[in-house]
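The values are calculated or read from the model by the stated rules, or taken from the named source; none is laboratory data. Source: prediction; values computed, not measured. Cβ coordinates were reconstructed from backbone atoms using ideal geometry, including for glycine residues, and neighbour counts include every protein chain displayed. Remember, those area values only see protein heavy atoms, side chains included, never the ligands or the DNA or RNA. Shrake-Rupley method; radii C 1.70, N 1.55, O 1.52, S 1.80 Å.
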Amino acid sequence: GFLAGCGNATSSPSPSSAPTTPAVVPGSPCGTTSTPPRRYQHVIWIIMENKSYSSVIGSSSAPYETQLARQCASDTHWSDAGSQYNSLPNYIAMTTGQSGPILAPFTCDCAPSPSVSVTADNIFRQVRTAGGTERSYAEGMNGNCSNSGTTYAPKHNPALYMWDSADRAACQHDDIPMGSATAGNFINALNSNTLPAYSLVAPSLCDDTHDCGVPAGDQFLST
C-alpha cells in the first residue's frame, strides 16, 4: 500500500528523506504558508493499497493524486516492513514501529485474537499520552472497533490489534465507521472542524484500490 497524507499536515511512508517542497499557493491542499508550523493541528493518514508508486503518480488513471503530489510534495525514498509481508504486518509496523520477529504472528492477515495482537507502544497511544486525540475511520465497518463489515478488511484497521487494556478501551471509542466519501463520521468531522489530532482513514477494499483499479482510488480521494 501507499500512504496519502492530507489535511493541514504532511506525511510520507518514511521520514528517511525530505521531499522537495514547491511554493505553496494559498487555498491549496498543500497549506497556506511556505514555512511549516512548529506543530501540526491535524495529521491524516489515508492508506491506499496494492498499487505501485509508478502506477499511480504520473498515471493518466490518477489525475487527482498526480496533481496533489506535484503541487504539494512526494517522497521518493521509502520502505515498508519487508517485501515478504502482506498487509497486516506492514500496518502493524507502520503504527508501532516494530520490526522483525514481532511481526510474524501477523503474517496470517487474519482478524485480531490473543495470539494476533500487540501490546507495544503505538502511534494511537502516543497521541493520547501527548494530550491529543486520535481516531480511526474505517469505511464499511459495521460498528466501533469491529471485525465485520462490507468490503471492509480488519487487516487494514491496525487499531483493532492493539491489545493493551487502555488501547482496547480506546479502540471501542475511537475506531469508528467512516461512512462514505460524501457523508458519515469522517466527512462530518471535516465539515464541523472537529477532526482529532491524528486520523487514520482505511477506505473500503475498492476505494483503497486493493480490489479495484487505480481510477477508483483516485475518484475516492478527489471526492
Only listed residue being within 27 Å of GLN126 (Cβ to Cβ), assigned to a helix (DSSP H, G or I), over 15 Å from the mean Cα position of the chain (by Cα) and at pLDDT 90 or above, chosen from LEU88, LEU103: LEU103
When the residues of the range 121-161 are narrowed to those that are aliphatic (A, V, I, L, M) and either touching a Cys at 6+ places or on another chain (Cβ under 7 Å) or open to solvent by 20 Å² or more (accessible area, probe 1.4 Å) (or both), which ends up farthest from LEU205 (Cα to Cα)? ALA130
Kindly provide the set of residues from the range 109-156 that are of a type in the set (Lys, Arg) and part of a strand (DSSP E or B), ordered by number. ARG135
Looking at the range 168-195 only, could you name the residues that are open to solvent by 60 Å² or more (accessible area, probe 1.4 Å) and either in a loop (DSSP other than H, G, I, E, B) or on the phi > 0 side of the Ramachandran plot (or both)? THR182, ASN193, THR194
Tell me the residue from ASP218, ASP167, ASP207, ASP174 that is out of contact with any Asp or Glu (no Cβ under 8 Å at 6 or more places or on another chain) and in contact (Cβ under 8 Å) with a residue 40 or more places away in the chain, please. ASP167
Quick one: what pairs do we get from the range 86-104, first residue within 21 Å of ARG135 (Cβ to Cβ) and open to solvent by less than 10 Å² (accessible area, probe 1.4 Å), second among the polar types (S, T, N, Q) and assigned to a loop (DSSP other than H, G, I, E, B), C-beta under 6 Å, 6+ apart or different chains? THR95/ASN122
Exactly one condition in (1) surrounded by 14 or more Cβ atoms within 10 Å (Cβ to Cβ); (2) in contact with a helix residue (DSSP H, G or I) (Cβ under 9 Å, 6 or more places away or on another chain) is false for GLY82; which is it? (1)
Looking only at the range 196-214, decide whether some residue is in a helix (DSSP H, G or I), at pLDDT 95 or above and out of contact with any Phe, Trp or Tyr (no Cβ under 7 Å at 6 or more places or on another chain). yes
